[in-house]
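Undergrad: I'd like to ask some things about the structure below.
The values are calculated or read from the model by the stated rules, or taken from the named source; none is laboratory data. Treat the numbers as computed from the prediction; the structure is a model and nothing was measured. Cβ placement follows ideal geometry from the backbone for every residue including glycine, while neighbour counts extend to all protein chains displayed. These area figures cover heavy atoms from the full protein model, side chains too; ligands, DNA and RNA do not enter into them. Shrake-Rupley method; radii C 1.70, N 1.55, O 1.52, S 1.80 Å.
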Amino acid sequence: QQQVKQSPQSLIVQKGGISIINCAYENTAFDYFPWYQQFPGKGPALLIAIRPDVSEKKEGRFTISFNKSAKQFSLHIMDSQPGDSATYFCAAILNNAGNNRKLIWGLGTSLAVNP
Amino acid sequence: DGGITQSPKYLFRKEGQNVTLSCEQNLNHDAMYWYRQDPGQGLRLIYYSQIVNDFQKGDIAEGYSVSREKKESFPLTVTSAQKNPTAFYLCASSYAGYGYTFGSGTRLTVV
């Protein structure tokens with residue numbers, strides 16, 4: 001119930017195309033859904049995040065779409081660039097009793113954008 | 001600039017040796033975390049600490065130990081009991097458990 005399932009495991013997109021990464025969850029107690037971007041040899045960095053009462057959030061070329069009834073959310077990267085080549089992680093935050101929050105990670109998607 | 005500093009960037013451990021990875025933050029975050037990253041397995045939580053002088057085991061704590069004597073520092077010791085320590089180790093901190101900031105990681109290799 002605490003899992004976040006991420007797909008695909010790897011993705012190859014042509015420059016200028018749309019990259020789409022999907023995540024699904026079961027636990028309705030999750031209350032925050034961040035996406036992280038990680039370049040090789042570096043730590044993950046927060047890219048964009050959404051709360052479950054919002055259906056879409058856009059920041060530049062990056063958009064999160066959130067479907068609460070289906071318990072699914074996805075990251076769309078418009079006009080994908082070679083510099084977007086990285087590993088992307090979806091995550092969900094479980095707000096336990098006493099504001100003890102736990103971050104549950106997806107397994108990551110390795111994105112390669114061909115020039 | 002505020003951030004998290006992990007050192008060293010690369011570390012080599014001999015069999016049976018304990019090694020300590022350093023993590024320092026100047027973000028004034030209360031919570032700090034240690035993760036292990038292996039190819040294809042995402043990030044797995046080793047230990048976390050929400051306040052000074054207190055820490056909790058994560059999902060894969062066996063063979064590791066931590067301390068939290070100062071708010072800014074959360075060192076991780078990889079003990080000889082950890083049978084497969086070769087991995088990329090990431091330290092993170094957060095404010096109120098939402099926005100996580102990560103360091104640049106330490107790559108530990110057993111030689």
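Undergrad: Which number do you get for Rg(Cα) / (2.2 N^0.38 Å) in chain A?
TA: Against the compact-globule rule of thumb, the ratio is 1.04.
Undergrad: Could you compute how fast the stretch A:55-104 diffuses translationally, taking Rh as the Kirkwood radius over C-alpha pairs and applying Stokes-Einstein at 4 °C with viscosity 1.567 mPa s? Give it in µm² per second.
TA: Answer, rounded: 99 µm²/s.
Undergrad: What is the spread of the Cα atoms of the protein assembly as shown along each of their three principal axes, largest first, in whole Å?
TA: Projected onto the principal axes, the Cα atoms of the protein assembly as shown cover 48, 43, 36 Å.
Undergrad: What accessible surface, in Å², does a 1.4 Å probe find on residue B:55, ignoring ligands, DNA and RNA and rounding to the nearest 10?
TA: Looks like 90 Å² after rounding.
Undergrad: Also: What are the ³J(HN,Hα) couplings of the stretch B:75-86, residue after residue, when phi is run through the Karplus curve with 6.51, -1.76, 1.60 and θ = phi - 60°? Round to Hz, x for glycine and proline.
TA: After applying 6.51 cos²θ - 1.76 cosθ + 1.60, I find x, 10, 9, 9, 8, 5, 6, 7, 7, 9, x, 5 Hz.
Undergrad: Shifting gears a bit: Let me confirm one metric for peptide B:94-103, namely the mean number of other chain beta-carbon atoms within 10 Å of its residues' beta-carbons.
TA: 5
Undergrad: With the cut-off at 1.5 for a/c, could you classify chain B from its C-alpha gyration tensor as rounded, prolate or oblate?
TA: prolate
Undergrad: Averaging sequence separations of C-alpha pairs under 8 Å and six or more residues apart, then dividing by the length of chain A, give the relative contact order as a whole percent.
TA: 36 percent
Undergrad: Take every residue in peptide B:31-37, count the Cβ atoms of other chains within 10 Å of its Cβ, and give the average of those counts.
TA: 2
Undergrad: Moving on to the next point. So, taking all protein chains as they sit and a 1.4 Å probe, how much accessible area belongs to residue B:7, in Å² rounded to tens?
TA: Approximately 50 Å² for this residue.
Undergrad: Considering the dipole of chain B built from charges on the beta carbon (Lys and Arg +1, Asp and Glu -1) around the Cα centre, which of B:17, B:74, B:45 is farthest to its positive end?
TA: The residue sitting most towards the positive pole is B:17.
Undergrad: Within a 10 angstrom radius of each residue's Cβ in A:40-48, how many Cβ atoms of other chains show up on average? Whole number is fine.
TA: Taking the mean over all residues of the peptide, I get 5.
Undergrad: Using a 1.4 angstrom probe on heavy atoms only, work out the carbon and sulfur share of the accessible area of chain B in %.
TA: Carbon plus sulfur share of accessible area: 47 percent.
Undergrad: What do you get for trypsin sites (Lys or Arg not before Pro) in the stretch A:66-115 restricted to DSSP loop and a cutoff of at most 12 other Cβ within 10 Å of the site's Cβ?
TA: Qualifying residues, ordered by number: A:68.
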